[in-house]
Amino acid sequence: MAAAALCFRRFALSVSCFLLAVPLLMAQDPSNLSLEHYAKTCPNVEHVVRTEMECAVRDEPRNAALMLRLHFHDCFVQGCDGSVLLDDTATLIGEKQAEQNVNSLKGFELVDKIKEKLEAECPGTVSCADLLAIAARDATVLVGGPYWDVPVGRLDSKEASLDLANKDIPTPQQGLITLISKFWEKGLDATDMVALVGSHTIGFARCANFRDRIYGDFEMTSKSNPASATYLSKLKEICPLDGGDDNISAMDSYTSSTFDNAYFETLIKGEGLLNSDQEMWSSIAGYSTADTVNKYWADPALFFKQFSDSMVKMGNITNPAGGEVRKSCRFVNT
C-alpha cells in the first residue's frame, strides 16, 4: 500500500508540474489591442453594449450565460474573430453546426440587436469579435460577477472552420488531460481552465450532454453527500435514459442566476453535472486542479480576480490576419 501511495504521489506531482508549466503558445501581443481603440471612432461603444445587455439580462437572466458561451466558443476556434457568428452560405460553411454548437449555442439574435445599435451609432467601426468580448464582460457583471477592462481592436474573420470547431472546442465527456491539452493549445493553463469553467455557475446544460454522467459515475463521486441522492433523482426526471435530449438543467443547483463561486462547492460535493467539470476535482490526474477548486471555493475574491485575468488572456488569443469589420455579424462583407 505504501508503494502504491508513493507511486500515486509521484504521478500526481508530475501531472501537477505539467499543468503549471504551460507555455502561452497562442497569446497574441497585447499591444495589438487597446482600451483606447474606439476612443475617437466610437466613444460610446461600451455604453451601447451595456444598455442592450442590461435590457436583455433583465428580460431573461440566461442571456448572460449565452453571451459568455458565445465568446468562449468564438475564441477557441481561430481565435476571437467572430467566426462563430457566421451563417452558412453557398460559399461558406460556418461553425454553428459543430457538435458543441448545434442545438445549444444561442444568443445570435441578441448579437444582431447590439450590432444594429452599434452600426447606427458608428457605422463600420466596431467588430463583432469586440462586441462579443464586451458583451461577455457586461453579462458577467450584470449577474453579480467581476468587472474587467476589455482591450479591443479585434477584426472579424472572413471565414469559419467547422472542422476546427469540432476539434478544438472541449466536450462534456472528455477527460482532464485532454481538456488541459485543449486549453494549453490556446495558451491557457490549468489555472485559467478552472477559473473559466467557474462561469458554469450561471450555465445550463442539455440532457444529451449530461446523461452519461448521471447514469454513470455521479453516484460514486457524490456518495459522501446524502443529499445528492435527491438531486440525482431530480436530474433523472429531467433527463431520462431515453429521449429528452433537449431538456435542460442548471449546472449550479444552488445559485444558478448569480455569478459566484458556488459551482466549486458543487464539484467538491461530487455533483458536477458534466463529466469534464467533475474531472477537475475527482480525476486521479487532478492533483493541481483539485487544489485550485478548493482555493476558489474558499476565497471568492481570488476566483473573481483570476476569472477576470483569464478572460482577458482568452480574449488575446490570436485571430487570422486579413480580417475586417463586418456590417452584419452573420455574413462577411461583400
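Take segment 170-208 and flag every residue that is charged (D, E, K, R) and farther than 20 Å from PHE218 by Cβ.
Looking only at segment 170-208, we keep the residues that are charged (D, E, K, R), and these are 182, 185-186, 189, 192, 206.
Once the filter is applied, which keeps residues that are charged (D, E, K, R) and farther than 20 Å from PHE218 by Cβ, segment 170-208 yields LYS182, GLU185, LYS186, ASP189, ASP192.
Let's see how each residue does on (1) farther than 17 Å from LEU86 by Cβ; (2) outside the structural domain of ALA65 (by TED's automatic domain parsing); (3) not hydroxyl-bearing (Ser, Thr, Tyr):
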residue: ALA98; (1), (2), (3): no, no, yes
residue: ASN103; (1), (2), (3): yes, no, yes
residue: GLY107; (1), (2), (3): no, no, yes
residue: LEU110; (1), (2), (3): no, no, yes
residue: SER127; (1), (2), (3): no, no, no
residue: LEU131; (1), (2), (3): no, no, yes
residue: ILE134; (1), (2), (3): yes, no, yes
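Is it the case, given these coordinates, that LEU196 is modelled with pLDDT of 95 or more, assigned to a loop (DSSP other than H, G, I, E, B) and of a type outside the set (S, T, N, Q)? Before you say what the answer is, go through the steps one by one.
Values: modelled with pLDDT of 95 or more: yes; assigned to a loop (DSSP other than H, G, I, E, B): no; of a type outside the set (S, T, N, Q): yes.
Taking the combined requirement at face value, the residue does not satisfy it.
Suppose we keep only residues that are part of a loop (DSSP other than H, G, I, E, B) and basic (Lys, Arg) within segment 86-125. Which one would you say is nearest to ASN63 (Cα to Cα)?
Only one residue tops the list, namely LYS106.
Among the listed residues GLU279, GLU271, identify the single one that is touching a residue at least 40 places away in the same chain (Cβ under 8 Å), under 20 Å from the mean Cα position of the chain (by Cα), outside any helix (DSSP H, G or I) and more than 24 Å from ASN63 (Cα to Cα). Lay out the reasoning, then the answer.
Values: GLU279 fails: outside any helix (DSSP H, G or I).
So the residue among GLU279, GLU271 that is touching a residue at least 40 places away in the same chain (Cβ under 8 Å), under 20 Å from the mean Cα position of the chain (by Cα), outside any helix (DSSP H, G or I) and more than 24 Å from ASN63 (Cα to Cα) is GLU271.
When SER257 is evaluated against the numbered criteria (1) in a loop (DSSP other than H, G, I, E, B); (2) over 23 Å from THR140 (Cβ atoms); (3) touching a residue at least 60 places away in the same chain (Cβ under 8 Å); (4) among the small types (Gly, Ala, Ser), which criterion, by number, is the only one it fails?
Looking at each condition in turn, SER257 falls short on (2).
Being modelled with pLDDT of 95 or more and within 23 Å of LEU105 (Cβ to Cβ) is the filter here; which residues of segment 16-49 pass it?
Hit for segment 16-49 is VAL49, nothing else.
Only one of ALA195, ALA208 is farther than 16 Å from GLY270 by Cβ, buried (at least 20 other Cβ atoms within 10 Å of the Cβ), of a type in the set (Gly, Ala, Ser) and not assigned by TED's automatic domain parsing to the domain that holds GLN78; which? Walk me through how you get there before you give the answer.
Working: ALA208 fails: buried (at least 20 other Cβ atoms within 10 Å of the Cβ).
Matching residue, one of ALA195, ALA208: ALA195.
Inside segment 36-85, can you point out the residues that are aliphatic (A, V, I, L, M) and not in a helix (DSSP H, G or I)? Give the steps one after another, and end with the answer.
The first filter runs over segment 36-85 and keeps only residues aliphatic (A, V, I, L, M), leaving 39, 45, 48-49, 53, 56-57, 64-68, 70, 77, 84-85.
Selection gives ALA39, VAL77.
As an exercise: evaluate GLU54 against (1) at pLDDT below 95; (2) surrounded by 12 or more Cβ atoms within 10 Å (Cβ to Cβ); (3) not hydrophobic (A, V, I, L, M, F, W, C) and give the number of the one condition it does not meet.
Only one criterion is unmet by GLU54, namely (1).
Let me confirm something: among ALA133, ALA129, which residue is outside any loop (DSSP other than H, G, I, E, B), in contact with a His (Cβ under 8 Å, 6 or more places away or on another chain) and surrounded by 21 or more Cβ atoms within 10 Å (Cβ to Cβ)? First the steps, then the outcome.
Working: ALA129 fails: in contact with a His (Cβ under 8 Å, 6 or more places away or on another chain).
Residue meeting the stated conditions: ALA133.
How about segment 169-189: which of its residues are at negative phi and either assigned by TED's automatic domain parsing to the domain that holds PRO146 or assigned to a loop (DSSP other than H, G, I, E, B) (or both)? Full working, then the answer.
Our first condition is that a residue be at negative phi; within segment 169-189, this holds for 169-186, 188-189.
Correct list: ILE169, PRO170, THR171, PRO172, GLN173, GLN174, GLY175, LYS186, LEU188, ASP189.
Of all residues in segment 80-96, how many are surrounded by fewer than 24 Cβ atoms within 10 Å (Cβ to Cβ) and closer than 18 Å to ILE169 by Cα?
Here is the first cut: in segment 80-96, the residues surrounded by fewer than 24 Cβ atoms within 10 Å (Cβ to Cβ) are 87-94, 96.
When the remaining residues are screened for being closer than 18 Å to ILE169 by Cα, the result is 93-94, 96.
Residues in segment 80-96 being surrounded by fewer than 24 Cβ atoms within 10 Å (Cβ to Cβ) and closer than 18 Å to ILE169 by Cα: 3 in total.
Quick one: would you say GLU265 is in a helix (DSSP H, G or I), surrounded by 23 or more Cβ atoms within 10 Å (Cβ to Cβ) and acidic (Asp, Glu)?
Values: in a helix (DSSP H, G or I): yes; surrounded by 23 or more Cβ atoms within 10 Å (Cβ to Cβ): no; acidic (Asp, Glu): yes.
No; evaluated as a whole, the condition is false for this residue.
State which residue is nearest to the chain's Cα centre (by Cα) when the search covers only segment 97-111 and only residues that are surrounded by 14 or more Cβ atoms within 10 Å (Cβ to Cβ) and under 30 Å from ASN44 (Cβ atoms).
LEU105
Read through the list (1) touching a Pro at 6+ places or on another chain (Cβ under 9 Å); (2) buried (at least 16 other Cβ atoms within 10 Å of the Cβ); (3) under 21 Å from TYR263 (Cα atoms), then give the number of the only condition that PRO170 fails.
(1)
Given (1) in contact with an Asp or Glu (Cβ under 8 Å, 6 or more places away or on another chain); (2) within 20 Å of MET67 (Cβ to Cβ); (3) of a type in the set (Ser, Thr, Tyr), identify the lone condition not met by THR255.
Of everything listed in (1) in contact with an Asp or Glu (Cβ under 8 Å, 6 or more places away or on another chain); (2) within 20 Å of MET67 (Cβ to Cβ); (3) of a type in the set (Ser, Thr, Tyr), THR255 misses just condition (1).
The values are calculated or read from the model by the stated rules, or taken from the named source; none is laboratory data. Since this is a predicted model, take the numbers as computed values, not measurements. For neighbour counting, all protein chains shown are included, and Cβ atoms are generated from backbone atoms with ideal geometry for every residue, glycine included.
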